[in-house]
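Enquirer: I have a structure here, written as structure tokens, and I will follow up with some questions on it.
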Amino acid sequence: MKRKKIRALFALLLCACSLSAQNFEDAPEIVSRAAALIDAETGTVLYEKNPDLEIPPASLTKLMTMHIIFREIAAGRASLDETVPLPPESWAENQPPGSSLMFLGPGQRVNLRELLLGLAVSSGNDAAVAAALRFAPAVRDFAGIMNAEARRMGLVKTRFTEPSGISENNITTAGEFAAFCREYVRQHPESLSAFHSAPEFAYPAASNAGTGTRNGTRVQRNRNTLLRNFPGTDGLKTGYIDESGYNIALTAQREETRFIAVLLGAPSGPGGEAARDSDGRRLLSWAFEHFRTMRPLVKLEPARLWKGASDWAYLVPAAPLPFTVPAGRGISPVYAAEITDPLVAPLPEGYRAGTLVISDEYGELRRVPLVTREAYAQGGFFKRMGDGMKMLFRPKKTGMN
């Protein structure tokens with residue numbers, strides 16, 4: 001039952017709430033085979049292109065690998081500063097041809113923080129193997145952990161066979177991966193500044209020692225070019241294998257609005273990487289031009305409660321208040337609380353007692369149910385009788401501002 005509830009909740013995150021790219025004639029045309037663009041705060045889907053098309057994520061896979069690591073750190077089962085063993089399977093020289101590498105080697109000392117930088121910046125397949133073997137007895141066992149987490153999060157099409165993304169048997173969709181990235185950013189916001197937006201990573205340093213340093217320290221730049229040429233970008237990850245083409249998971253924030261975009265399947269031939277990056281810039285530019293996240297600050301007065309031990313019932317929104325609005329809307333919002341009349345005790349906690357209506361000069365923007373913050377008990381005999389008499393002569397009310 002709990003798993004079904006989690007899946008249902010995640011399915012809601014994949015749904016467009018009230019806005020869609022189809023409402024805008026100037027929504028950008030992109031060359032990537034699939035894409036999804038969402039408001040990171042609200043989950044509102046703003047743009048989709050083949051969101052359910054199954055495509056190998058390539059090195060976007062490493063985001064799930066990092067998510068598992070961060071989860072272990074949060075649970076106290078790992079530390080950023082711990083030294084991680086480097087078995088031969090993790091050495092750069094033992095990775096498949098064409099692998100992107102952190103350049104791990106025999107005899108090196110590396111900590112978990114460095115491995116995470118190797119995953120985020122260098123996109124090292126060797127770093128992915130080392131991380132997997134830190135948390136599981138074999139790479140396939142770690143892939144099982146990744147798949148179990150994907151199922152727990154409600155990702156029904158996303159699956160993994162290994163942690164680096166080099167295999168074409170890893171599969172995701174733009175819609176599912178955008179929802180995953182939203183949850184990733186929500187759970188690990190510090191990862192953006194600490195790892196994903198790092199401009200470069202130098203490894204191995206002298207402190208790492210080992211025979212793997214014989215070729216000297218290599219400085220690798222972050223492969224996400226939008227970090228350098230699109231203001232506000234601070235993540236997340238690029239990826240490429242022949243079977244998928246060029247992929248990217250992006251996030252950018254300006255003022256109080258953050259968007260997440262996932263693009264999969266830009267052409268694998270010459271110019272594909274530039275096309276993918278152009279798609280990302282166009283999608284994010286379009287999003288910031290047309291939408292913003294609205295975070296209402298609403299102070300609710302208590303509602304009159306009849307025949308209760310208390311004269312007043314405190315109400316709270318039944319859903320998060322932030323929502324996505326078209327740019328230019330909600331600049332001078334008006335809030336109205338439409339309260340059920342009369343409210344008569346006893347009332348349970350979470351009882352639907354009204355609706356919060358948010359509007360601006362152009363009309364209604366959103367409705368949010370209002371529920372009781374706690375349970376309210378019935379008053380004594382004389383309190384009930386007194387309120388009953390008052391109710392007979394009270395003026396009728398339909399709401400309050």
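None of the figures in this text is laboratory data; all of them are computed from the coordinates on show. What you are looking at is a predicted structure, and each value in this text was computed from that prediction instead of being measured. In this analysis, Cβ positions are derived from the backbone assuming ideal geometry, glycine residues included, and neighbour counts consider all displayed protein chains.
Enquirer: Defining a contact as two alpha carbons under 8 Å apart and six or more residues distant in sequence, what relative contact order in percent does the chain show?
Expert: 16
Enquirer: Compute the length gained on full extension between SER268 and ALA202: take 0.36 nm times their separation in residues and subtract their Cα-Cα distance, giving the result in nm to one decimal.
Expert: 21.0 nm is the gain from fully extending SER268 to ALA202.
Enquirer: In addition: For region 303-393, what is the charge dipole size about the Cα centre, in debye to the nearest 20, if Lys and Arg each add +1 at the Cβ and Asp and Glu each add -1 at the Cβ? Can you show the working numbers first?
Expert: Numbers: 10 positive and 9 negative charges, 52 e Å.
Approximately 260 debye in magnitude.
Enquirer: Return the Cα extents of region 303-393 along principal axes one, two and three, sorted largest first, each rounded to a whole Å.
Expert: Projected onto the principal axes, the Cα atoms of region 303-393 cover 55, 27, 13 Å.
Enquirer: Would you mind calculating the relative contact order of region 181-316 from Cα pairs under 8 angstrom and at least 6 residues apart, reporting the percent as a whole number?
Expert: The normalised contact order for region 181-316 reaches 14 percent.
Enquirer: DSSP beta bridges in the chain, what fraction antiparallel, as a percent rounded to 5?
Expert: Counting DSSP beta bridges with both partners in the chain, the antiparallel share is about 95 percent.
Enquirer: Apply the Kirkwood formula to the chain: the hydrodynamic radius equals the inverse of the mean of 1/r over all pairs of different alpha-carbon atoms; give it in Å with one decimal.
Expert: The Cα-based Kirkwood calculation yields 23.6 Å.
Enquirer: Using only Cα atoms, figure out Rg for region 84-172 and give it as a multiple of 2.2 N^0.38 Å.
Expert: Working it through for region 84-172, the quotient is 1.07.
Enquirer: Which three extents, in whole angstrom, do the alpha-carbon atoms of region 130-226 cover along their principal axes, largest first?
Expert: Result for region 130-226: principal-axis Cα extents of 44, 34, 24 Å.
Enquirer: Note down the nm distance, to one decimal, between modelled labels 7 Å out along Cα→Cβ at ALA74 and at SER285.
Expert: 3.6
Enquirer: Another question about this same structure. Once you list every other residue whose beta carbon is under 12 Å from the beta carbon of ASP277, what net charge do they have if Lys and Arg are +1 and Asp and Glu are -1?
Expert: +3
Enquirer: At PHE382 and TYR314, where each label point lies 7 Å from the Cα along Cα→Cβ, what is the point-to-point distance in nanometres?
Expert: 2.8
Enquirer: Which residue fluctuates the most in the chain, going by a Gaussian network model with Cα springs under 10 Å, if the choices are ASN247, ASN169, ASN224?
Expert: Among ASN247, ASN169, ASN224, the largest GNM mean-square fluctuation belongs to ASN169.
Enquirer: If you only keep lysine pairs separated by 8 or more in sequence, or across chains, how many in the chain come under 18 Å at the Cα atoms?
Expert: So the count of such lysine pairs works out to 9.
Enquirer: Once you list every other residue whose beta carbon is under 12 Å from the beta carbon of ARG182, what net charge do they have if Lys and Arg are +1 and Asp and Glu are -1?
Expert: That sum, taken over residues with Cβ under 12 Å, equals -2.
Enquirer: OK, next. Could you work out which residue, out of LEU300, LEU192, LEU365, moves most in a Gaussian network model of the chain, that is, has the largest mean-square fluctuation with Cα springs under 10 Å?
Expert: LEU300
Enquirer: Here's a follow-up. What does the helix-only formula give at 222 nm for the chain: each DSSP H stretch with n ≥ 4 adding -39500 (n - 2.57), the total divided by the residues, and the result rounded to the nearest 500 deg cm²/dmol? Present the calculation step by step, with values, prior to reporting the outcome.
Expert: Details: 9 runs with 111 residues, N = 401.
Calculated from helices alone, the mean residue ellipticity at 222 nm is -8500 deg cm²/dmol.
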